[in-house]
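**Student:** Pasting a structure below so you can have a look.
The values are calculated or read from the model by the stated rules, or taken from the named source; none is laboratory data. Worth saying up front: this structure is predicted, and the values here are computed from it rather than measured. Neighbour counts run over all protein chains shown; Cβ positions are idealised from the backbone, glycine included. Heads up: the accessible areas ignore ligands, DNA and RNA and are worked out on the full protein's heavy atoms, side chains in. Shrake-Rupley method; radii C 1.70, N 1.55, O 1.52, S 1.80 Å.
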Amino acid sequence: NGIDPWEIINEYGADAFRWALLSDSAPWNSKRFSRQIVAEAKSKVIDTITNTHAFYALYAKIDGYHPEEHPRQVAVHVLDRWILSRLHSTLQQVVKGLEIYDFLNPAKQIEAFVDELSNWYVRRSRDRFWGSGLNADKVSAYQTLRDVLLTLAQMMAPYAPLIADDLYANLGGVGSVHLTDYPAANESLRDAALENDMDA
């Protein structure tokens, strides 16, 4: 009843394989393992991140958006403020878990954040990206999504090293993501009331 790991890696990729092993159950419990678990990890996490990055890259290319050409803006749109707050709330929980050698709960936190990023922030922001011209609101949306993806790449690097490095490099990060410091949560960007309102 053994499974050849190379078959799994060739079919789903090494990152999905790693994610499935690290996020499925606590290390002191018996591991249940199947192709379906890896397929779900690929679909829910790896493919979702890939598609979110592809969305950013496609519309940034269409608009001719180059991050270095636009001065930094303070996020004022409610969706931008919310996703940045969720990013740093998630990051705080991930760091807290990793510091005590808990990799299961941080993985669940990252997985939930990836779902919110794709299925709430990007979907609700589509009209902003689809609008004509590079107005201030659209630039803010691009800056926010890029910042979130860059920090997400650093946050998930220990779990999915290959996609994290690709994402970081494709978004203009310098060098390898694995040579950067692990990110720290920025308390000034957190807004618990806004997160609660968005949940409601």
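**Student:** Please report the relative contact order for the chain, taking Cα pairs under 8 Å with a sequence separation of at least 6, and give it as a percent rounded to a whole number.
**Tutor:** 27
**Student:** What's the long-distance tail for segment 122-200, i.e. % of Cα pairs beyond 21 Å?
**Tutor:** Details: 1377 of 3081 pairs.
Roughly 45 percent, rounded to a whole number.
**Student:** One-quarter of the Cα convex hull surface for segment 1-107, in nm²?
**Tutor:** Mean shadow area of the hull around the Cα atoms is 9.8 nm².
**Student:** In a shell of Cβ-Cβ distance under 11 Å around residue 16, excluding residue 16 itself, what net charge do Lys and Arg (+1) and Asp and Glu (-1) give?
**Tutor:** On the way: positive: 18, 35, 42, 44; negative: 11, 15, 40, 47.
Local net charge: 0.
**Student:** Roll a 1.4 Å probe over the protein chains and send me the accessible area per residue for the chain in Å².
**Tutor:** The answer is 53 Å² per residue.
**Student:** Heavy atoms only, 1.4 Å probe, whole protein assembly: order 168, 159 by accessible area, highest first.
**Tutor:** Final ranking, largest accessible area leading: 168, 159.
**Student:** Residue 12: accessible area at probe 1.4 Å, nearest 10 Å²?
**Tutor:** Accessible surface of residue 12 is approximately 40 Å².
**Student:** Assuming 0.36 nm per residue, please report the length gained on full extension of the stretch residue 108 to residue 36 beyond their Cα-Cα distance.
**Tutor:** Extending this stretch completely gives an extra 24.2 nm.
**Student:** Right, here's the next one. Leaving ligands, DNA and RNA out of it, rank 132, 23 by accessible area with a 1.4 Å probe, largest first.
**Tutor:** The ordering from most to least exposed comes out as 132, 23.
**Student:** Right, something else. How much of the accessible area of segment 35-138, in percent, comes from carbon and sulfur atoms when a 1.4 Å probe is used?
**Tutor:** Summing carbon and sulfur atoms, their accessible area is 54 percent of the total for segment 35-138.
**Student:** Convert each backbone phi in segment 49-56 into a coupling constant with the Karplus relation 6.51 cos²θ - 1.76 cosθ + 1.60 (shift: θ = phi - 60°), then list the ³J(HN,Hα) values in order as whole Hz, x for Gly and Pro.
**Tutor:** Using θ = phi - 60°, the values come out as 5, 4, 5, 5, 5, 4, 4, 4 Hz.
**Student:** Taking a temperature of 20 °C and a viscosity of 1.002 mPa s, what whole-number D in µm²/s does Stokes-Einstein yield for segment 13-53 with Rh from Kirkwood over alpha carbon pairs?
**Tutor:** On the way: Rh = 10.5 Å.
Calculated translational D: 204 µm²/s.
**Student:** Based only on Cα atoms, what Rg/Rh ratio does the chain have, Rh being taken as Kirkwood's radius?
**Tutor:** 0.98
**Student:** Keeping all protein chains in place and using 1.4 angstrom, which order do 37, 8, 100 fall into by accessible surface area, from largest down?
**Tutor:** 100, 37, 8
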